[in-house]
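First the structure, in the form of structure tokens, and then the observations on it.
The values are calculated or read from the model by the stated rules, or taken from the named source; none is laboratory data. No experiment lies behind these values; they were computed from the predicted model shown. Every residue, glycine as well, gets a Cβ built from its backbone with ideal geometry; the counts of neighbours run over all protein chains shown.
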Amino acid sequence: MNLDIAAAIGRATLAWMQVIGRSGVFLFLAVFQAFRRPYRISRLIKEIEFIGSKSFLIVFVTALFTGMVLGLQGYHTLTQFGAQALLGSAVALSIIRELGPVLCALMVTGRAGSAIAAQIGIMKITDQFPALEMMAIEPVKYVISPKILAGIISLPLLTAFFDIVGIFGGYLVGVQLLGVNQGAYFSKMISAVTFADIYGGMIKSLCFGLLISWISCFMGFSAQATTEGVSRATTQTVVVTSLSILVVDYILTSLLL
Amino acid sequence: MIRVENLVKTYGKIVACNNVSCRFEEKKVTVILGGSGSGKSTLLRQITGLEKPDSGSVFFDGMDLTRATKKTLYEKRKKMGMLFQGSALFNYLDIYENIAFPLREHTRIADNVIKNIVTMKLEMVGLRGTEHLMPSQLSGGMMKRVGLARAIVMDPKVIFYDEPTSGLDPISTGVIGKLIKDLNTKLGITSVVVSHDITSSFKIADKIIILYYGDIIAQGTVAEIQNSTDERVVQFITGSPEGPIAFTRSDTSYIDALLTDNEKAT
């Protein structure tokens, strides 16, 4: 009985190790192919458009309301200590260090990650990968590499946009609505935020960008070639990516602090 | 042109190719016939290098594709066209871009020339005017014709057809059959067709190979196949339910399966 449990744990661990190994090889191949000629700049731009520019609205709304809520919550907490002048630095630091990279990545996972997994899964069940091979085009280089690069490029840019909109949202509520002094809001912010904060946030968003495109591409690529397989891959992409973002966020924070 | 030697491929217990050897002559239409699960699609995927055999060789233009590097394989693939069972059109590109795709990837032909080539290929399959539709807006038969137009856009020497007529209405079947024959006679394209459609195969084939669970049980001209006395061949081409080819695939006893309680039959 005990041996059965041990065997089951062993099998599960082996299966996990296999998945991790395969996804590692997959990422290596995609990155390797990305730096071989011919470079596929037009494909890359298309993918940046899909992952990045089409996420602008969703990121804008998320950032605006996150900033506004922070302004509201921060104001009510800080007034208890008579420190409402610190609102600007509180909003800016929490957004730049944590909320910007994490929330932005989670939103992009839901919008673009699931779509990437579904798209690649559909390409797989309709034989489009062997079709590419028969046309003498390397499928990983043509389909996967541009998506991985686009994720790495798009996320920091989206996060920077998130940070600006979020700080503006805090300003709207804190300064315009609740009457915090405008000069105090920005001057405290400027003195509190260091280059290390921005740098840390950008490092995070780079890693999250890689995570999103890597996991969603891998899930789609290794989906079972059935309709259930594709729908499972899509769901798993969102679950696995979201969880890894939160875990990696903790690890990165502990390393960067 | 293409020579297959002692090809073996197994998936677990299932033998998809059991020491298969055959030849596909230049400028001829060869049809690989067989029921579902007879290993004909697997054979096609190995001939094109999409799958590696467990052992054996595939010679294309005198070169063994099973031992070729990816680079030489891709070089040879430029001489191959393939029509997939589900057409395998790129769902995010319109018809025009689907057909222009191989040209854009492999050549530096100017846009206005590409436009003429695409128009010519679409005219050949009778679908001029559909350039700006998406694949999802076409019927299955039209998608196959677009897939065929894409397969011939690089003027290949060989075209592989994976079940080109399955799931099509009689007229589309006839049209596809005529296209295959026309491409072969007018352009001298070597054709390898995988099919289970007896009628249209007999119309277009110069040579027929019949597969049965990974074994070649007959090969020859249409007349030779029609005059075959092999019971399995006769049963297959007449579509008879009675004969040596069993319909049921289960190797356990039916009575036992009915009498066993509480367990799913395996």
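Figures for the structure shown
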item	result
Residue within the stretch A:75-98 that is within 21 Å of A:S213 (Cβ to Cβ) and either part of a helix (DSSP H, G or I) or under 23 Å from the mean Cα position of the chain (by Cα) (or both) present	no
Residue among A:E98, A:E47 that is acidic (D, E), within 30 Å of A:A223 (Cβ to Cβ) and in contact (Cβ under 8 Å) with a residue 12 or more places away in the chain	A:E47
Residue that is of a type in the set (S, T, N, Q) and under 22 Å from B:L183 (Cβ atoms), where the choices are B:N112, B:N98	B:N98
Which numbered condition B:L127 fails, given (1) surrounded by fewer than 21 Cβ atoms within 10 Å (Cβ to Cβ); (2) under 15 Å from the mean Cα position of the chain (by Cα)	(2)
Test: residue in the stretch B:130-149 that is modelled with pLDDT under 95, in contact with a strand residue (DSSP E or B) (Cβ under 9 Å, 6 or more places away or on another chain) and not hydrophobic (A, V, I, L, M, F, W, C)	yes
Filtered residues of the stretch B:74-94 (kept if in contact with an Asp or Glu (Cβ under 9 Å, 6 or more places away or on another chain), at the interface with another protein chain (Cβ under 10 Å from one of its Cβ atoms) and of a type outside the set (F, W, Y))	B:K76, B:R77, B:K79, B:G81, B:M82, B:L83, B:Q85, B:G86, B:S87, B:A88
Residue tally, condition crowded, with 24+ Cβ neighbours inside 10 Å and more than 20 Å from A:R37 (Cα to Cα), over the stretch A:142-166	8
Single residue of the stretch B:61-73 satisfying the filter (within 14 Å of another protein chain (Cβ to nearest Cβ) and touching a Leu at 6+ places or on another chain (Cβ under 9 Å)) that is farthest from B:G214 (Cα to Cα)	B:T72
Residues of the stretch B:227-251 that turn out to be modelled with pLDDT under 75 and of a type in the set (S, T, N, Q), as a count	2
Residue under evaluation B:S240, criteria (1) in contact with a Lys or Arg (Cβ under 8 Å, 6 or more places away or on another chain); (2) outside any helix (DSSP H, G or I); (3) among the small types (G, A, S), criterion not met	(1)
Residue that is farthest from A:M135 (Cα to Cα) [pool: residues in the stretch B:32-59 that are within 14 Å of another protein chain (Cβ to nearest Cβ) and touching a residue at least 60 places away in the same chain (Cβ under 8 Å)]	B:S41
